[in-house]
Amino acid sequence: MSPSLSGHVLIVDLAKLPAQGLILETAIGPAELALPEDGQLSITAPVQVRGRLTKVMEQVYFHGSICGTVAAPCSRCLESVDDGFEVEVRGVFLPSGSPRLSDDDAVVTDALDVYSHDGSRINLYPLVRDQVVMAFPVQTLCREDCAGLCQACGANLNEQPCACEIESGDPRFAVLKQLKSPDLT
Ligand SMILES: [Zn+2]
Ligand SMILES: [Zn+2]
């Protein structure tokens with residue numbers, strides 16, 4: 001496969017979808033995935049996509065899993081942390097403009113992520129992108145007992161205690177002191 005086609009690993013020709021279904025097993029690099037820029041979170045390694053595409057009449061079902069690694073800043077010390085994720089995915093692709101997207105099938109499609117296809121090809125990129133974005137961690141800790149940053153000088157307290165901590169003693173008291181003394185300036 002030429003490099004110019006490598007961006008199409010998640011686009012499947014409907015005509016090539018065999019009756020027994022198609023096993024899809026591939027990996028998409030961060031550049032191909034082209035996630036919306038968040039500034040803080042980023043995909044640093046290829047995202048693995050595995051699953052089966054099954055065609056039933058004009059509907060194509062995808063059942064599989066998506067896993068990868070997202071780099072996110074630790075919520076306390078801001079160090080970059082690699083966070084692994086793996087999500088199970090159930091999606092259905094309906095012909096675009098299909099009336100099945102509304103009314104009666106709402107109950108059925110409730111448990112499925114619904115996408116559309118153009119009658120000739122299935123594009124799994126939107127599905128994979130959605131799943132990866134949803135898998136992004138809300139909060140990340142580099143470790144359970146991360147000491148975080150010093151409120152006063154910004155030093156990373158995981159590396160070494162800073163001077164202010166030695167002066168003011170327990171940093172929790174420093175916080176209390178700040179809370180108690182109103183700003184008189
Ligand atoms: Zn941390
Ligand atoms: Zn400090």
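Does residue 18 satisfy being away from ligand 1 (no atom under 16 Å from the Cβ), outside the structural domain of residue 159 (by TED's automatic domain parsing) and over 12 Å from the mean Cα position of the chain (by Cα)? Yes.
Candidates are the residues of the range 81-113 that are among the small types (Gly, Ala, Ser) and surrounded by 14 or more Cβ atoms within 10 Å (Cβ to Cβ); the one that is modelled with the highest pLDDT is 91. Checking each residue in the range 7-65 for being β-branched (Val, Ile, Thr) and in contact with a helix residue (DSSP H, G or I) (Cβ under 9 Å, 6 or more places away or on another chain) picks out 9, 11, 28, 43, 44, 47, 49, 60.
Taken over the range 33-45, the residue count meeting the criterion of being surrounded by 16 or more Cβ atoms within 10 Å (Cβ to Cβ), out of contact with any Lys or Arg (no Cβ under 9 Å at 6 or more places or on another chain) and modelled with pLDDT of 85 or more is 1. Per the listing 145, 118, the residue uniquely within 16 Å of ligand 1 (Cβ to nearest atom), exposed (fewer than 15 other Cβ atoms within 10 Å of the Cβ) and at pLDDT 90 or above is 145. Out of all the residues in the range 41-63, which are assigned to a strand (DSSP E or B) and under 15 Å from residue 28 (Cα atoms)? 42, 43, 47, 48, 49, 50, 51, listed by residue number. Taken as a whole, the condition of being hydrophobic (A, V, I, L, M, F, W, C), surrounded by fewer than 15 Cβ atoms within 10 Å (Cβ to Cβ) and more than 15 Å from residue 85 (Cβ to Cβ) applies to residue 153. Among the residues making up the range 52-87, those that are among the acidic types (Asp, Glu), within 16 Å of ligand 1 (Cβ to nearest atom) and within 16 Å of the chain's Cα centre (by Cα) are 82, 83.
The values are calculated or read from the model by the stated rules, or taken from the named source; none is laboratory data. None of these values were measured; they are calculated from a predicted model. Every residue, glycine as well, gets a Cβ built from its backbone with ideal geometry; the counts of neighbours run over all protein chains shown.
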